[in-house]
Each structure stands twice: as C-alpha cells, then as structure tokens.
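Taking it in order: structure first as structure tokens, then the write-up.
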Amino acid sequence: MSLEFDLVLDEKGRLVLHRPGQDDVADVRVRRAFPWSHPHEHISIRSAEGKELMLIESLTPLSAQQRETIEKHLAASSFVPRIKRVDEVDVRFGYQQWKVQTDRGPAEFRVQEREDIRFLPDGRFSLKDADGNIYEMPALHQLDEHSRRAVEALV
C-alpha cells in the first residue's frame, strides 16, 4: 500500500487525517464500504460533510496502531448487535416477535416481512426490525439447538 497517512485524535477527541504535503482534515469519519462481506477492506475516510477523502483498500498492511484507531472508530460508528441466542420467535398476525440475547444484551423486536431476514453469502443472516435496526445472526449450524429450532422454519 503506497498510501501515507496518519489518523490521530485532536484535543477535542475528533479524528484528524494527516497526509504529507496536504492540509490536515479535522473531524473525519471512517466507514466500511462493504460491512457484511468485506469488513476489513475498502474503508472510506470521509470529511464531516461526507466527502470521501481517501479509500483504504485493506487494513491488513497498516500498522497495529493505525488498525486499532480505525477499528475503534468503526465500532463506535456502527451499531449492529450480534444475536448469540434466540429465546423465542412468536409468529402472529403476519409478523414475527423475536426475543434474543445479543452481544449487547437482551433484545426484543418485531420483524414485519419475511424479506427482512436476509441470507448472507457466508451463511450468516441479517435481520431488519420494524424500526429499521439491523441485527446479525450467525449461520444456523453455529447456533445452539434451541435457537436453531426457533428459527429454522423462518429462514
């Protein structure tokens, strides 16, 4: 990777992009272009106005410090709870009421349409609830038996 840059926090806790020979850009954002399929590739550095300033093709060749800074800000800017266990799925009146345990604690939500459960290429699923929140669920074979039985008929 021939990109020379550094991301540092300023005194206000904002992320600043520094590139040799260019003005520093304060208050930048980091975003994944493909958060589900390629979470460590194609990372966009954007201005506070949303303009892309640079694209990092892969986090792998970056220094450990740069990767840590980027991953910390990516985690802070995205909220995608991962479902660890499905306690119950109640199907009624054309929607599904889910009670789950996530990596962020227990959650209860409603899935309106069957199309709101999407199969991902690696076997995982994404679920969109009635409020537009997205949840990640592992592949069926990675779920415990109780969880697998609760969702098999739905997916």
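The values are calculated or read from the model by the stated rules, or taken from the named source; none is laboratory data. Keep in mind the model is a prediction, meaning the values are calculated, not measured. Cβ atoms come from the backbone with ideal geometry, glycine included; neighbour counts cover every protein chain shown.
Annotations
Every residue, every condition in (1) assigned by TED's automatic domain parsing to the domain that holds E57; (2) within 30 Å of A48 (Cα to Cα), yes or no:
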{"position": "K72", "(1), (2)": "yes, yes"}
{"position": "E88", "(1), (2)": "no, no"}
{"position": "V91", "(1), (2)": "no, no"}
{"position": "K99", "(1), (2)": "no, no"}
{"position": "D103", "(1), (2)": "no, yes"}
{"position": "P106", "(1), (2)": "no, no"}
{"position": "E113", "(1), (2)": "no, no"}
{"position": "I117", "(1), (2)": "no, no"}
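- Test for F34: is it closer than 30 Å to Q142 by Cβ, in contact with a strand residue (DSSP E or B) (Cβ under 7 Å, 6 or more places away or on another chain) and either in the same structural domain as V100 (by TED's automatic domain parsing) or in a loop (DSSP other than H, G, I, E, B) (or both): yes
- If you go through region 23-38 and keep only what is surrounded by 12 or more Cβ atoms within 10 Å (Cβ to Cβ) and free of Cβ contacts under 8 Å to residues at least 12 places away in the same chain, you end up with D24, H38.
- Single condition I134 does not satisfy, out of (1) more than 17 Å from F34 (Cα to Cα); (2) surrounded by fewer than 17 Cβ atoms within 10 Å (Cβ to Cβ): (1)
- Taking region 85-98 as the range and being surrounded by fewer than 16 Cβ atoms within 10 Å (Cβ to Cβ) and under 21 Å from the mean Cα position of the chain (by Cα) as the test, only R85 passes.
- Any hit, region 64-81, residues being at pLDDT 90 or above, part of a loop (DSSP other than H, G, I, E, B) and farther than 24 Å from D131 by Cβ: no
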